[in-house]
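The values are calculated or read from the model by the stated rules, or taken from the named source; none is laboratory data. Please read all numbers here as calculations on a predicted model, not as lab measurements. Positions of Cβ are backbone-derived with ideal geometry, glycine not excepted, and every protein chain shown enters the neighbour counts. When the accessible area is computed, the model is the full protein with side chains, heavy atoms only, and any ligands, DNA or RNA have been set aside. Shrake-Rupley method; radii C 1.70, N 1.55, O 1.52, S 1.80 Å.
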Amino acid sequence: MKCVKIVGKEKLESSSIDKPKSVNGSVIIKVEACGICGSDIHYWNSGTPEGLVLGHEFSGTVEDPGDRKDLSIGDRVTGLPLSPCGRCSACKNGNGHYCKETWTKAVGLSLENPGGYAECLSCRADMIKKIPETMTADEGCMVEPSAVALHATSLADIKVGDKVLVIGAGIIGLMSCEFAKLEGASHVTMLETNLERAKKAVSVGKADDYYDAKKEDVLETLSEVSNGGYDKVIECCGNAPAVSEAIMAVRPGGKIVLVGVTQEPISIPTVCCVMGEIEMIGAIAYTEKEFETCIDLISRKRLNVKKYIDDTVSLDEANEAFKRLTNGKDAAVKIVFHP
């Protein structure tokens, strides 16, 4: 079957792999829609591991229900791409998203389990979730990034009336703005270097205003806007400047949630954390309950995710789609493949 693989730094190539078969009761899905995630871009940038078939934001129809007796061929589904062990303390406490084995065999994030940049994929039976007929395939593939944003805002513990700063106007940042408003935030600010994306956070999303992270006096401006600092900051970039800005923009006693990821060490002004007794917490993925909540919110039209999808493309357009998402000038935040 047709797929797209990583073949080098910033290079994807159309290829062919064997159609997956059910293993250990896994469910085989015909992929109808698969989104490009920020973590996919990290792999694309590095060009490793070579041969990886990306794609963990997927939806489609069941071709083989595997061990799931409640599924039939043709059922519409999405799934958590995770691979928690089910035995460790994290898993036993309902936190399989930070089990040490969660990413070892994750769909679209491991060589062992090719993802949705292909015609079909295999996913663990216990990770599959049905989606209703009222939900489109594009909405179905948006459940996964929605759940990431929901988890981040849940960890932020936003209270009614809080002032919230979101750093980074990718899809997680934009949806974090939306969930912050649903939690009762009185004012949500977006901080971003790509002003086309920042404008979208206001025009399409739920941010009240945006500021250019490149401006030298931006921290002074943010302090004035927030009247001395934001109650909560959700950082969605992962680089040193963004984390440092989060630390300096939060109020004393405030809270920062780190969603952005980098594999490189970074330098940050920890003295500000100490002097302001700032709470900082990492956020990874989501709980199963949060994933199910997003299915419910999207299916009941409480959460409009279609407005964030900028384009749908074929697998043959993979490289062009990635370049569009990384050129720093395009307003696009979410492009979806239709394999």
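With springs only between Cα atoms under 10 Å apart, run a GNM on the chain and tell me which of Val225, Val31, Val77 wobbles the most.
Val225
Where only protein heavy atoms count, and the probe is 1.4 Å, what is the accessible area per residue for the chain in Å²? Working shown, then result.
Details: 14740 Å² over 339 residues.
That works out to 43 Å² per residue.
Ranked by accessible surface with a 1.4 Å probe, highest first, in what order do Thr78, Thr134 come? Intermediate values should be presented prior to the final figure.
Numbers: Thr78 0, Thr134 90 Å².
I get Thr134, Thr78, largest accessible area first.
Considering only DSSP states other than H, G, I, E and B, which GluC sites (Glu not before Pro) in the range 246-339 qualify as loop sites with at most 12 other Cβ atoms within 10 Å?
Answer by residue number: Glu277.
Under unit Cβ charges (Lys, Arg +1; Asp, Glu -1), what dipole magnitude, rounded to 20 debye, does the range 164-303 have relative to its Cα centre? Please report the intermediate quantities before stating the final value.
Working: 14 positive and 21 negative charges, 96 e Å.
Once rounded to the nearest 20, the dipole reads 460 debye.
Counting other Cβ atoms within 10 Å of each Cβ, which trypsin sites (Lys or Arg not before Pro) in the range 48-99 have at most 14 and sit in a DSSP loop?
Numbers: sites: Arg68, Lys69, Arg76, Arg87, Lys92; in loops: Arg68, Lys69, Arg87.
Qualifying residues, ordered by number: Lys69, Arg87.
Relative to the longest principal axis of the C-alpha atoms of the chain, give the angle of the C-alpha long axis of helix 143-156, reported between 0 and 90° and rounded to the nearest 10°.
Rounded to the nearest ten degrees, it is 30.
Mind grabbing the accessible area of Tyr286 for me, 1.4 Å probe, Å², rounded to tens?
For Tyr286, the solvent-accessible surface is approximately 0 Å².
Between Thr134 and Asp70, what FRET efficiency follows from the Cβ-Cβ distance if R0 is 30 Å, with the result rounded to 0.05?
On the way: r = 19 Å, r/R0 = 0.64.
About 0.95, to the nearest 0.05.
When the chain is modelled as a GNM with alpha-carbon springs shorter than 10 Å, which of Leu121, Leu52, Leu155 fluctuates the most?
Leu155
Students sometimes get this wrong: rank Ile17, Ile73 by accessible area, probe 1.4 Å, all chains present, largest first.
Numbers: Ile17 35, Ile73 130 Å².
From most accessible down to least: Ile73, Ile17.
Evaluate Rg over Rh across the range 213-256, taking Cα atoms for both radii and Kirkwood's formula for Rh.
Details: Rg = 9.8 Å, Rh = 10.5 Å.
Dividing the radius of gyration by the Kirkwood radius yields 0.94.
Could you check the spin-label model distance between Thr326 and Asp212? Points 7 Å from the Cα along Cα→Cβ, value in nm.
2.5
Charges on Cβ only, +1 for Lys and Arg, -1 for Asp and Glu, centred on the Cα centroid of the chain; of Leu155, Ile29, Pro241, which one is farthest towards the dipole's positive end?
My answer, from the dipole projection, is Ile29.
Taking the Cα centre of the range 258-335 as origin, sum charge times position over the Cβ atoms of Lys and Arg (+1) and Asp and Glu (-1), and report the length of that vector in debye to the nearest 20. Don't skip to the answer; put the middle values down first.
On the way: 10 positive and 13 negative charges, 82 e Å.
Value, rounded to 20: 400 debye.
How high is the FRET efficiency from His338 to Tyr98, r the C-beta distance, R0 45 Å, rounded to 0.05? Kindly include the intermediate steps, with their values, before the conclusion.
Numbers: r = 32 Å, r/R0 = 0.71.
After rounding to 0.05, the efficiency reads 0.90.
Roll a 1.4 Å probe over the protein heavy atoms and report the accessible area of Leu150 in Å², nearest 10.
Per-residue accessible area (Leu150): approximately 20 Å².
Nearest 10 degrees is fine. How inclined is helix 288-299 to the longest principal axis of the chain, computing both from alpha carbons?
90
Could you give me the percent of Cα pairs per 5 Å distance bin for the range 242-324, shortest bin first, beginning at zero and ending with the bin that holds the maximum distance?
For the range 242-324, the pair-distance distribution reads 3, 11, 14, 11, 12, 17, 16, 10, 5, 2, 0.
Which lysines does Lys255 reach when only Cα atoms under 27 Å apart count, and residues fewer than 8 places away in its own chain are ignored?
Lys100, Lys159, Lys163, Lys181, Lys199, Lys200, Lys206, Lys214, Lys215, Lys232, Lys289
From the protein chains alone at 1.4 Å, what is the descending order of accessible area for Ser16, Ser83, largest first? It would help to have the intermediate numbers written out before the result.
Values: Ser16 80, Ser83 10 Å².
Putting Ser16, Ser83 in descending order of accessible area: Ser16, Ser83.
To the nearest 10 Å², what's Lys19's accessible area with a 1.4 Å probe?
110
Does anyone have the angle between helix 171-182 and the longest principal axis of the chain? Alpha-carbon axes, 0 to 90°, nearest 10?
Computed tilt is about 70 degrees.
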